[in-house]
Amino acid sequence: MVLLLRNWNEAGQPSMKRCADGLASCLQQAGLPARSWWPRTVGRNLGLRTSAALSRYAAPLWELPRRCRGNQRVLIPDHGNGMWVNAVEGHRCAVMCHDVIPLHAAAGRLDRRNVSAGALVVFRLAMEGLRRARVVMTPSHATARDLVEHVGLPAQRVHVVPLGVDEAFQPIGERKDLGCPYVVSVGVDLPYKNLDGVVRGFIAAARRRREVPLKLVRLGRPLSSPHRQLIDEAGLASRVVEPTAEHPLDDDELAAWYRGASALLFPSHWEGYGWPPREALACGTPVVLSNRGALAELSGPGVHKVTDPHSDNDIARAIWAACDDGDKGARAETPLRWSGVTPLLMHALSPILEAA
């Protein structure tokens, strides 16, 4: 039996839910008995912040020893919960680590706004838990290197297990049409995501070819006031569309936006994996990427690299190269689906599955 330790439901992390759901499907496909566990909410009367900290970090340390009795294996899909390893038997535990961005920020390799002092303390506690886990998995070679170099994990305990792309992302299906070409940006507005580069690069691209009414579609977190001001000052307010400001986006609708787009803009300063570029490529849509972190591992038709993600002109050049890329659907990449992840996951989990 494998116990899948999922995130606290109220944490609001859809990407971590998607990862846990995908790993659960792999366990099911492999015929491995598994069940999921979610932390319960505690301390509501103590205020939102205190309740969140107790529910996600403290309460599981008290409850998990009772849940993990016997010969049970444990899989933690989110490294942010790495401290939970301290409540179970580490030699029967595997953790998926997506990135070590807080360590890069603390060391000055990334903008320090990417991590607060409190978040860094929690992250370091999570990394201590990873050091006790028998198996540490990661979706990219870039994060595998980071775990060895910056966390100090032995290389033989780190396994690269890429994450699957859901079946909704394929070239055939609904296609959004705005009546003019558009590029799409998706994700949260954290400094390392470089939304500033997206906005400034879009403005530079629009100025390069003023005769083309190129639009920017922002999915996920709405643009900030400073970004809105930049767009207004450039006279491009009518060319920015934010369709998800009022409702969440499901995979089918996201895939439709990808299919209709001339390109996905994703010039992050760092990524531990990067689902959106893989989803866009699976839909046949070109991508504009930086060459940082795990994004450096993506290459081939439809991949347009930005040499300097701080350069508006470099991003603009890549945008038009992607827009001029030709027949998208004809060269859609065949992505790694979760069914293809299953054998890789089983191989990585073998040390805990065989543990006495």
Residue match in region 100-113 (condition: in contact with an Asp or Glu (Cβ under 7 Å, 6 or more places away or on another chain) and not in a loop (DSSP other than H, G, I, E, B)): yes
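To keep it simple, each residue is scored yes or no on (1) under 30 Å from Gln72 (Cα atoms); (2) in contact with a strand residue (DSSP E or B) (Cβ under 8 Å, 6 or more places away or on another chain); (3) of a type in the set (Ser, Thr, Tyr); (4) at pLDDT 90 or above.
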{"residue": "Asn291", "(1), (2), (3), (4)": "no, yes, no, yes"}
{"residue": "Asp312", "(1), (2), (3), (4)": "no, no, no, yes"}
{"residue": "Ala318", "(1), (2), (3), (4)": "no, yes, no, yes"}
{"residue": "Pro343", "(1), (2), (3), (4)": "yes, no, no, yes"}
{"residue": "Ala356", "(1), (2), (3), (4)": "yes, no, no, no"}
Residues of region 222-266 satisfying the condition of being of a type outside the set (A, V, I, L, M), surrounded by 17 or more Cβ atoms within 10 Å (Cβ to Cβ), out of contact with any Gly (no Cβ under 7 Å at 6 or more places or on another chain) and assigned to a loop (DSSP other than H, G, I, E, B): Ser262
Residue list for region 126-140, filter: in contact (Cβ under 8 Å) with a residue 24 or more places away in the chain and either loosely packed, with under 15 Cβ neighbours inside 10 Å or under 20 Å from Glu89 (Cα atoms) (or both): Ala126, Met127, Glu128, Gly129, Leu130, Arg132, Ala133, Arg134, Val135, Val136, Met137
Test: residue in region 51-60 that is part of a helix (DSSP H, G or I), under 21 Å from Leu23 (Cβ atoms), among the hydrophobic types (A, V, I, L, M, F, W, C) and more than 23 Å from the chain's Cα centre (by Cα): no
From Ala256, Ala261, residue being at pLDDT 95 or above and touching a Phe, Trp or Tyr at 6+ places or on another chain (Cβ under 7 Å): Ala261
Long-range neighbours under 9 Å by Cβ, at least six apart or interchain, first residue in contact (Cβ under 8 Å) with a residue 40 or more places away in the chain and part of a loop (DSSP other than H, G, I, E, B) within region 1-25, second surrounded by fewer than 19 Cβ atoms within 10 Å (Cβ to Cβ) and of a type in the set (Lys, Arg): Met1/Arg35; Arg6/Lys17; Asn7/Lys17; Trp8/Arg40
Val122 surrounded by 15 or more Cβ atoms within 10 Å (Cβ to Cβ), β-branched (Val, Ile, Thr) and closer than 20 Å to Ser350 by Cα: no
Residue satisfying condition, being in contact with a strand residue (DSSP E or B) (Cβ under 7 Å, 6 or more places away or on another chain), of a type outside the set (Gly, Ala, Ser), without any contact (Cβ under 8 Å) to a residue 24 or more places away in the chain and surrounded by fewer than 19 Cβ atoms within 10 Å (Cβ to Cβ), within set Val148, Val188: Val148
In region 185-211, the residues that are among the hydrophobic types (A, V, I, L, M, F, W, C), more than 20 Å from Asn291 (Cβ to Cβ) and at pLDDT below 95: Val188
Number of the condition not met by Phe123 [criteria: (1) in a loop (DSSP other than H, G, I, E, B); (2) farther than 21 Å from Leu23 by Cα; (3) in contact (Cβ under 8 Å) with a residue 40 or more places away in the chain]: (1)
Candidate set from region 36-50 (those that are of a type in the set (S, T, N, Q) and under 26 Å from the mean Cα position of the chain (by Cα)); member that is modelled with the highest pLDDT: Ser36
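So that you can scan it fast, the table gives a plain yes or no per residue for (1) under 29 Å from Gly220 (Cβ atoms); (2) in contact with a Leu (Cβ under 6 Å, 6 or more places away or on another chain); (3) surrounded by fewer than 16 Cβ atoms within 10 Å (Cβ to Cβ):
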residue: Arg18; (1), (2), (3): yes, no, no
residue: Arg49; (1), (2), (3): yes, no, yes
residue: Ser55; (1), (2), (3): yes, no, no
residue: Trp62; (1), (2), (3): no, no, yes
residue: Val74; (1), (2), (3): no, yes, no
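The values are calculated or read from the model by the stated rules, or taken from the named source; none is laboratory data. Given the structure is predicted, the values throughout are model-derived calculations rather than measurements. Here Cβ is always computed from backbone atoms with ideal geometry, including for glycine, and neighbour counts include all displayed protein chains.
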